[in-house]
1. Work out the P(r) tail for the range 27-117: percent of alpha carbon pairs separated by more than 16 Å, whole number.
2. How fast does the chain diffuse by Stokes-Einstein, in µm²/s, taking the Kirkwood radius from C-alpha pairs at 20 °C and 1.002 mPa s?
3. For the chain, report the accessible area per residue in Å² (1.4 Å probe, heavy atoms, rounded to an integer).
4. Going 7 Å from the Cα of Asp13 in the Cα-to-Cβ direction, what parts of the range 112-128 have a backbone nitrogen less than 11 Å from that spot?
5. If you fit an axis through the alpha-carbon atoms of helix 86-95 and take the longest principal axis of the Cα set of the chain, what angle between them do you get, 0 to 90°, nearest 10?
6. Quick check: from the Cα gyration tensor, does the range 73-129 come out rounded (a/c under 1.5), prolate or oblate?
7. Determine the share of the range 144-199's accessible area contributed by carbon and sulfur atoms, expressed in whole percent, with a 1.4 angstrom probe.
8. Please list, by residue number, everything in the range 14-37 whose backbone N is under 13 Å from a paramagnetic label point 7 Å out along Cα→Cβ of Ala76.
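The values are calculated or read from the model by the stated rules, or taken from the named source; none is laboratory data. Keep in mind that what you see is a predicted model, and the values were worked out from it rather than measured. Here the Cβ is made from the backbone with ideal geometry for all residues, glycine too, and neighbour counts use every protein chain on show. We work out accessible area using only protein heavy atoms, side chains counted, and drop any ligands, DNA or RNA first. Shrake-Rupley method; radii C 1.70, N 1.55, O 1.52, S 1.80 Å.
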Amino acid sequence: MEEWARAQRRVVDLVRDLPPERTELTVPACPDWTVRDLFSHMVGLGADVVRGAEPDDHNEEWTSRQVRERRDHDMAALVAEWESLTGPLRDWMAANTTRPLGDVIIHEQDLRGALREPGGQHTPGLYAVMDRFLGRFAAALGDRAPIALIGDGRRWVSAGDEAGAAVVVRAPDFELARALMTRRSAAQLRAWTERGDVEPYLDAFALLGPLPDTDLTES
C-alpha cells in the first residue's frame with residue numbers, strides 16, 4: 001500500500017501542473033489515448049475499485065467509459081478526484097489485495113514515456129510488479145525450453161540455470177520489467193537476445209495484449 005501511495009504521489013507531481021498542450025500528447029504505450037485520457041483511466045479505475053465495479057478482464061468498454069465520463073475534466077479536477085480516493089483505496093487494498101499497484105506502476109511509466117520525464121525506474125513497487133509478471137510469464141511459457149532473463153540486478157531462469165537456458169535475454173532490470181508488462185517491441189527483445197532464438201517466446205511476453213509495433217522508451 002505504501003508503494004501505491006508513493007507511486008500516486010509521483011504521478012500527481014508529474015501531471016498536476018502540465019500545460020494544456022502537454023495533456024493532449026499521445027501516449028506511445030497506449031496510442032489511442034492522450035496523457036489526459038490515460039490519467040482519466042487511472043482515476044476511473046480507482047473509483048471503480050472502491051465502488052466494487054471492477055471487471056476481471058478490464059475490458060475496453062470499461063476503460064473507455066472511465067475516459068468518456070471524465071472527458072470534460074481538466075487535470076486539476078482529475079487530480080482532486082484521485083486524491084479523494086486515496087484513503088478509500090488504501091482501505092480497500094488492506095482488506096483485499098494490492099492489485100491496483102500494478103496499474104499505477106505500469107501507467108506511471110507510460111505517462112513518463114509520453115512526457116519524456118524519466119523517473120521511478122528502480123522502486124520497490126516496480127520490482128514487486130515485475131515479480132508478479134514473472135509468475136505470469138512462467139505460466140505462459142508452458143513446456144518451452146528454458147529462457148533466462150538477465151538484468152543488472154535480477155537474474156531469472158524459467159527452469160534450471162542460466163548455463164542451460166536455450167535463450168538468454170540480457171537488458172537492465174527496468175527494461176526487462178517493461179518487457180514483461182508488454183511495453184517493449186519484438187525488435188527490442190530480439191536486440192537483447194544474446195543466445196538462442198527469442199522468436200518462439202514472443203507471445204509469452206504479450207501478457208497485456210499484442211507487443212507494441214514500435215520501440216518504446218521512458219528515458
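1. Of all Cα-Cα distances in the range 27-117, 53 percent exceed 16 Å.
2. It diffuses with D of about 118 µm²/s by this estimate.
3. Dividing the accessible area of the chain by its residue count gives 45 Å².
4. Under cut-off, by backbone N: 119-120.
5. 50 degrees
6. Numbers: a/c = 2.84, a/b = 1.11, b/c = 2.56.
Oblate, because a/c is 1.5 or more while a/b does not exceed b/c.
7. That share works out to 49 percent.
8. 16-20
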